[in-house]
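Please treat every number below as a calculation from the coordinates, not as lab data. Just so it is clear, the structure is predicted and the values come from calculations on it, not from any experiment.
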Amino acid sequence: MSNPIAFYSPVATITKDEEKVRKAKMSSIIERYKDKVVALPKNVDHHFCKYEGFWHLQGFWYHSKADFSVEAIMALQDEFQALPTDIFLTTYPKSGTTWLKALAFAIMNRTKFKIGVDSCPNHPLRTVSPHDCVPFMESDSFLNNPSYANGLMATHIPYTSLPKSIISSDCRIVYLYRNPKDVLISYWHFLNKFKDDVSTPTKLDDAFELFSKGMSAFGSFWDHVTGYYKASLERPDKVLFLKYEDLKNGPENKVKKLAKFIGNPFTQDEEYDGSIQKIIDLCSFENLSEVNKGRKQSSKILSDDIYFRKGVVGDSFNYLTIEMIQILDKITEQKFGDLNLI
Ligand code: PAP
């Protein structure tokens with residue numbers, strides 16, 4: 001993380017020309033993999049937003065022909081070279097990625113950007129989105145220029161499909177788990193915020209059915225979690241498994257654990273002077289959602305607000321029927337039964 005400013009500024013102020021370059025890069029990747037994609041099993045019965053359906057790769061479903069799609073995963077698997085010092089923040093979509101990005105970024109850059117309004121009113125997280133500070137590997141911006149990540153990246157790619165060099169280089173991986181019911185509801189709201197979808201919102205029934213069948217971008221929630229959870233048991237010094245709900249309930253301990261794991265432990269002085277709490281406050285839902293109110297970074301979404309809806313545990317109970325809850329609980333029990341995960 002030698003110069004974080006070098007990578008968040010261009011993203012925050014992306015020009016039309018830069019966007020063109022990124023799109024051209026993504027188009028060339030899509031073109032390069034088109035024959036391979038044609039050969040993959042697909043399900044085109046279900047359209048979401050601008051996506052034409054789902055394509056199956058290595059046990060998981062993906063969209064096609066855009067960033068965050070199967071072509072992006074294939075390109076990363078073929079080309080991405082990790083460094084042993086790289087750190088990967090990994091999640092199933094809607095599990096708290098934005099929050100984890102903010103926390104890891106704030107922890108790793110706390111010498112450069114001191115926390116606390118007086119010491120650093122211009123902290124990047126007071127002006128730009130956590131997504132501008134920590135890129136997704138499968139995004140067009142990263143694929144166009146991987147070096148701008150500066151050693152801290154995020155991804156939704158399942159553990160078993162990560163580019164091989166991430167594992168062989170012994171990189172540290174942080175996985176954030178969130179309970180599937182809240183993930184589903186968060187995901188459903190998110191889907192309906194995409195521009196193309198505003199006039200024809202996805203019904204909750206449909207989102208539920210597809211999610212239960214593992215038919216979402218990045219595949220089955222349960223298989224995704226299982227891959228990372230098992231890895232965290234097998235390689236605990238390299239894979240840290242955290243839970244959104246634990247972070248909500250007792251953030252201090254988890255933030256300490258995260259800092260230690262990513263190689264930036266808090267000193268005793270920092271523990272006494274409230275540094276941990278300052279990071280928690282900076283990365284709180286309230287603060288980040290205020291900073292990102294009305295911001296618009298990408299043309300694909302209405303605004304960065306959509307990453308900050310409610311940020312609470314258990315909101316799914318306001319939407320799901322009892323039957324839906326029972327079905328999801330049953331799948332969770334069947335899938336996670338022996339893992340001692342919930
Ligand atoms: P992504 O995977 O597309 O990047 P992600 O950040 O994982 O999205 O999911 C957004 C969810 O995290 C939202 O949940 P909700 O729909 O249930 O409200 C969002 O509110 C929540 N979130 C974002 N920032 C924070 C935060 N600082 N603290 C707690 N929850 C947060």
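Of note:
- For the set LYS16/LYS243; LYS42/LYS203; LYS193/LYS230, the pairs lying more than 30 angstrom apart at their alpha carbons are LYS16/LYS243; LYS193/LYS230.
- Pairs of Cα atoms nearer than 8 Å and 6+ residues apart set the relative contact order; for the stretch 29-336 it is 22 percent.
- Counted residue by residue at 0.36 nm each, then reduced by the alpha carbon distance between them, the extension gain from LYS310 to SER28 reaches 97.8 nm.
- With distances taken between every two different alpha-carbon atoms, the stretch 29-336 has a Kirkwood hydrodynamic radius of 20.0 Å.
- DSSP bridge pairs, the chain: antiparallel proportion in percent, nearest 5: 30
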